[in-house]
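Following: one structure in structure tokens, then a few remarks.
The values are calculated or read from the model by the stated rules, or taken from the named source; none is laboratory data. On a predicted model such as this, the values are computed, not experimentally measured, just so you know. Positions of Cβ are backbone-derived with ideal geometry, glycine not excepted, and every protein chain shown enters the neighbour counts.
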Amino acid sequence: MSYKQKRKEISEPDQFIKTSTEYWSVAAANKKLIISVACGLLALAIVVIVLSNMSKAKIQASGEALAAALTLAERPIKGDPSAVMASEDLAPFETRQAKYEAIEAALTKLRDEHTGTRAASTAAYYLADAKLQLGKAEEADKLYELYIAGAKAGSPLRLMALEGRGYVAEQRADANAALAFFEQMGSEAKGEQWKAKAAYHRGRMLVLKGQKAEAAEAFAKIGKDFTKATSINMLAQERLAVLATEGVRPPAAATDTKAAP
């Protein structure tokens, strides 16, 4: 992000000239001191330039490392229809396990070698996701938590990290904790798709908690409240169909989109 600094215009130029003359008079009387300070400032400027160049190089290197690691995620798994690739760089992995182990190794190396960079911070989320795919839920949860702590509320990766923590809690059979993460995801989200997804997860957790009537109502409301979230609506309808086979249906008010007479 760039910031623009406004320059204050000199409203009294005569006063400025007077003050400037006084400064130069002092400088003439303390020539050696001024030269010494100037040399010190020059040395400081050189150090700042060198550090700036080093910082830029570090940022670039860390960004390239992250891009390379994420390229691994684009590679398919052998047997998948998309496994026929023209480039050898995107050759398919033999197994799903091998794919996520490769991603895990690359992102771990990045975070070790580029500590403190934005790329390393971003890598925490992707590494958490890789570990979750590998069944390392507790390690994933710590990384999700670490990423969330430094991410801006409502940002896409933070929402995905909250969702990830919800999945971990669900694996622990802690529906209440999972529900809290999914609800936080929904409260921070601004887009309809994210809010619909959070509402869908809420319905799932209500089912796990045994509150099937409330879950049916929650799934029914998704179609009413989030009309543009087509894929989520389809999932919600599937859940409603399953609940219906169990004799659980949402109240009429939840499905009736017309105003009452």
Is it the case, given these coordinates, that Ala241 is surrounded by fewer than 22 Cβ atoms within 10 Å (Cβ to Cβ), at positive phi and free of Cβ contacts under 8 Å to residues at least 60 places away in the same chain?
no
Counted residues in region 200-223 being surrounded by fewer than 18 Cβ atoms within 10 Å (Cβ to Cβ) and within 27 Å of the chain's Cα centre (by Cα) come to 0
Log entry, pairs with first residue in region 73-90 being in a loop (DSSP other than H, G, I, E, B), second being among the charged types (D, E, K, R) and at pLDDT 80 or above, beta carbons closer than 7 Å, six or more apart or on different chains, reads Arg75/Lys99; Lys78/Glu94
Can you give me the number of residues within region 159-205 that are among the acidic types (Asp, Glu), more than 19 Å from Asp129 (Cα to Cα) and touching a helix residue (DSSP H, G or I) at 6+ places or on another chain (Cβ under 8 Å)?
2
Assigned by TED's automatic domain parsing to the domain that holds Gly186, charged (D, E, K, R) and at pLDDT 90 or above: is that true of Arg158 in this structure?
yes
Quick check on region 144-166. Is at least one of its residues in contact with a Lys or Arg (Cβ under 9 Å, 6 or more places away or on another chain), touching a residue at least 40 places away in the same chain (Cβ under 8 Å) and under 28 Å from Gln60 (Cα atoms)?
no
Any idea which residue in region 224-238 is farthest from the chain's Cα centre (by Cα), counting only those that are surrounded by fewer than 20 Cβ atoms within 10 Å (Cβ to Cβ) and in contact (Cβ under 8 Å) with a residue 24 or more places away in the chain?
Lys224
Residues of region 119-164 being part of a helix (DSSP H, G or I) and basic (Lys, Arg), in sequence order, are Lys131, Lys142, Arg158
Residue within region 165-178 that is under 21 Å from Ile103 (Cβ atoms), of a type in the set (S, T, N, Q) and either in a helix (DSSP H, G or I) or not assigned by TED's automatic domain parsing to the domain that holds Lys99 (or both) present
yes
